[in-house]
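**Student:** Here it is, the structure in full.
The values are calculated or read from the model by the stated rules, or taken from the named source; none is laboratory data. Only a predicted model underlies this, so the values are computations on that prediction, with no experimental measurement involved. Cβ placement follows ideal geometry from the backbone for every residue including glycine, while neighbour counts extend to all protein chains displayed. Quick note on the areas: whole protein, heavy atoms, side chains included, nothing else; ligands and nucleic acids left out. Shrake-Rupley method; radii C 1.70, N 1.55, O 1.52, S 1.80 Å.
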Amino acid sequence: NPSAADLNVALRADKFLATADPEIQDQFHQLLTVFNAPFFAFLFDFRFSSFIGMSPEDQDSYLEDWMTSSFAFRRTGFQALKRVCLSVFYTEPRSWPEIGYDGKFEPS
């Protein structure tokens, strides 16, 4: 099963977002800045690290905190990150065997 790193999800997401409207690019940049900033991690979750500096377990917990936050901007930000990552991951043909998709569309 290929990982996100194997499929260059971050690089492909960056290339995808580079073609987006400049306002969308700015908003996504702001989201990533707040999401990764140790200051905001401490402010909202009492964590003392950036997202990148967290262990995989802490990253999972931090993502869940964003997903279930009482602040709408965090929940919305989580959904934006999730949708971009999933879209980029599943548009890569090497991810398809894991979900049983062979690349053909057969209407029922």
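**Student:** Please determine, by comparing only the residues of segment 79-108 that are in a helix (DSSP H, G or I) and among the charged types (D, E, K, R), which one is most open to solvent (accessible area, probe 1.4 Å).
**Tutor:** Per the criteria, the residue is Arg83.
**Student:** In contact with a Phe, Trp or Tyr (Cβ under 9 Å, 6 or more places away or on another chain), farther than 30 Å from Lys104 by Cβ and either part of a helix (DSSP H, G or I) or small (Gly, Ala, Ser) (or both): which single residue out of Ala41, Ala4, Ala20 fits that description?
**Tutor:** Step by step, each of Ala41, Ala4, Ala20 is checked, and only Ala41 is in contact with a Phe, Trp or Tyr (Cβ under 9 Å, 6 or more places away or on another chain), farther than 30 Å from Lys104 by Cβ and either part of a helix (DSSP H, G or I) or small (Gly, Ala, Ser) (or both).
**Student:** Only one of Thr19, Thr68, Thr76 is in contact with a Lys or Arg (Cβ under 8 Å, 6 or more places away or on another chain) and open to solvent by 70 Å² or more (accessible area, probe 1.4 Å); which?
**Tutor:** Answer to the selection: Thr68.
**Student:** Still on this structure: Ala72: at pLDDT below 95, out of contact with any strand residue (DSSP E or B) (no Cβ under 8 Å at 6 or more places or on another chain) and among the small types (Gly, Ala, Ser), yes or no?
**Tutor:** In short, no.
**Student:** If Asn1 satisfies all but one of (1) loosely packed, with under 12 Cβ neighbours inside 10 Å; (2) without any contact (Cβ under 8 Å) to a residue 40 or more places away in the chain, what's the number of the condition it fails?
**Tutor:** Of the numbered conditions (1) loosely packed, with under 12 Cβ neighbours inside 10 Å; (2) without any contact (Cβ under 8 Å) to a residue 40 or more places away in the chain, the odd one out for Asn1 is (2).
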